[in-house]
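Since the structure comes first, as structure tokens, the remarks are kept for the end.
The values are calculated or read from the model by the stated rules, or taken from the named source; none is laboratory data. Everything numeric in this text was worked out from a predicted model, so none of it was measured. Every residue, glycine as well, gets a Cβ built from its backbone with ideal geometry; the counts of neighbours run over all protein chains shown. When the accessible area is computed, the model is the full protein with side chains, heavy atoms only, and any ligands, DNA or RNA have been set aside. Shrake-Rupley method; radii C 1.70, N 1.55, O 1.52, S 1.80 Å.
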Amino acid sequence: AFAVSVVPEGAEDEIELPVLQKSEKSGTINKISRELKEIVFIIQSQSNSFHSKRAEDLKRDILKQAADLGKELPTVLLIHQMDRHEGAWTILPLMRDFSVTYGRNSSWIFFCEEDTRIQVVKLLETLGRFDGSKEWFLGKALYDEESTIIHHYAFAENPTVFKFPDFAAGWALSIPLVNKLAKKLKSEPLKSDFTIDLKHEIALYIWQKGEGLHLTPVPEFCTDDVNSYNVDRCATTFSNFLPLCGEPVKKEDVFVAVKTCQKFHGDRIPVVKQTWEREAALIEYYSDYADISIPTIDLGIPNTDRGHCGKTFAILERFLNHSSPRTPWLVIVDDDTLISIFRLRKLLSCYDPNEPVFLGERYGYGLGTGGYSYITGGGGMVFSRTAVQKLLASKCRCYSMDAPDDMVLGMCFSGLGIPITHSPLFHQARPMDYPKDYLSHQIPVSFHKHWNIDPVKVYFTWLASKTEESLNGKKVGYSREDL
């Protein structure tokens, strides 16, 4: 059904093997090797060169650990290489392939992110506690403390009752459950709708189509840092840091475009100026009205109540034709986006601006039926100049001025064969819309919306480059627990 990663004959010799004592260890190692063959590792990878390299490094590490235990190597697959599925990253469309290919000779499908670190022996011990002939959905449990828009206000009466997996810690499905889900998907194909928070939506699907099967929390699936004092108990850990690949990109290499309109000049723009504007060397505000006190630029595009496709494409044209051709990065944000340009510059050090990069928080539309992925606009959309050039050289444009700009961009890049690049550090919603335990292993780049919050407080709590910053001459410092 898709390419299976195998090590060629003799390749084991290229991996340094330890000298094993011919003692009682051999029986244990044979058992582990046999069990290891029965696990299919799926790395939730991406095709961008930075991400694919990290996924390949993790694959090599898993195979190295396996080789150290004997010569029976497990299957390790990278999701981005299963590219006959535009929506492979949403995992459910792959269930039938998993069932057909691995349904007879495997016991577990184990999923992890590119930054998940796995202790293979400990993972085998952990999975060994569960009867692989039964239906299991295992992971580190997250839950909502209050109902949230990103989960369509599910379980509004008591959202804490529904648990879903933290992908960073790894999660596992037993083959009997995979087979059941594959059978359901054959008889009831996935509907064409939105993918917003995959980990929650997969848990919801398993609960509904698995006929009430809930996530079983596994304490050995961890998001502790590898240097944590708790790490000895963990089968998995997570590299919880902001990626940095050399020096941060220069301030002058990031052009920031803020979308606004006259009715928000008085309340939203002052928040930007109080918080993150100072971090941007190149910033312009685009509105339907030229206000010299801000200042804003009128692009000649009337404001619309719904999508802002016309305005966004005008910004892209302006960036390409009026900014310095030496500026490699464009960031487009809403006027109620809170962002750390300081952290973004660190993150961008890991990406090649000569590649067509379109970066942010990934959503999907209709991916079970041949739809497309897109970067949701509120968390911020980051473009390399190369990506903007390729987009505008194409014929792809807004089908109406008030079309949803982020979705149109997703359609355009999909049609061009340019994959979007996901970072969980961008957020379409507010901090309280995410589980605390999920945010605890992040250094976030952005949040969005000013609903029922103090946005200045949110910025200085979650996004400011220091724990204390000066605001109007006063020191301010907040605890995340306050929010």
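Observations
- Dipole magnitude (debye, nearest 20) for the chain, charges at Cβ of Lys, Arg, Asp, Glu: 480
- Computed helical MRE - 222 nm, the chain, DSSP H runs ≥ 4 contributing -39500 (n - 2.57), nearest 500: -8500 deg cm²/dmol
- Taken over the Cα atoms of region 251-465, the convex hull encloses 129 Å³ per residue.
- Taking every alpha-carbon pair within the chain, the share separated by more than 31 Å comes to 46 percent.
- Packing-based ranking of 438-451, 259-272 yields 438-451, 259-272, ordered from highest to lowest mean Cβ neighbour count within 10 Å.
- Accessible area per residue in Å² at 1.4 Å probe, computed on region 36-238: 42
- Gain on full stretching of the segment that runs from D352 to K53 - 0.36 nm per residue minus C-alpha separation: 106.3 nm
- Mean sequence separation of contacting Cα pairs (under 8 Å, at least six apart), scaled by the length of the chain, corresponds to a relative contact order of 14 percent.
- Percent of beta bridges antiparallel (DSSP, the chain, rounded to nearest 5): 50
- Across the chain: Cys residues that no other cysteine approaches within a C-beta distance under 4.7 Å: C112, C261
- Å² per residue, accessible surface of region 251-465 at 1.4 Å: 36
- In region 267-296, chymotrypsin sites (Phe, Trp or Tyr not before Pro) in a DSSP loop with at most 12 other beta-carbon atoms within 10 Å: none
- Shape of region 36-238, Cα gyration tensor, a/c cut at 1.5: rounded
- Loop-located GluC sites (Glu not before Pro) in region 210-307 (DSSP state not H, G, I, E or B) with no more than 14 neighbouring Cβ atoms inside 10 Å: E211.
- Share of carbon and sulfur in the accessible area of the chain stands at 50%, probe radius 1.4 Å.
- Point-charge dipole on Cβ atoms (K/R +1, D/E -1) for region 36-238, about Cα centre, debye to 20: 860
- Taking all protein chains together and rolling a 1.4 Å probe, H51 ends up with roughly 10 Å² accessible.
- Whole-Å distance, taken between Cα centres, linking region 216-241 and region 401-466: 25
- Most positive-pole-ward Cα, I294, M401, F241, against dipole of the chain from beta carbon charges: M401
- Directionally averaged shadow of region 70-168, computed from the convex hull of its alpha-carbon atoms, nm²: 8.7
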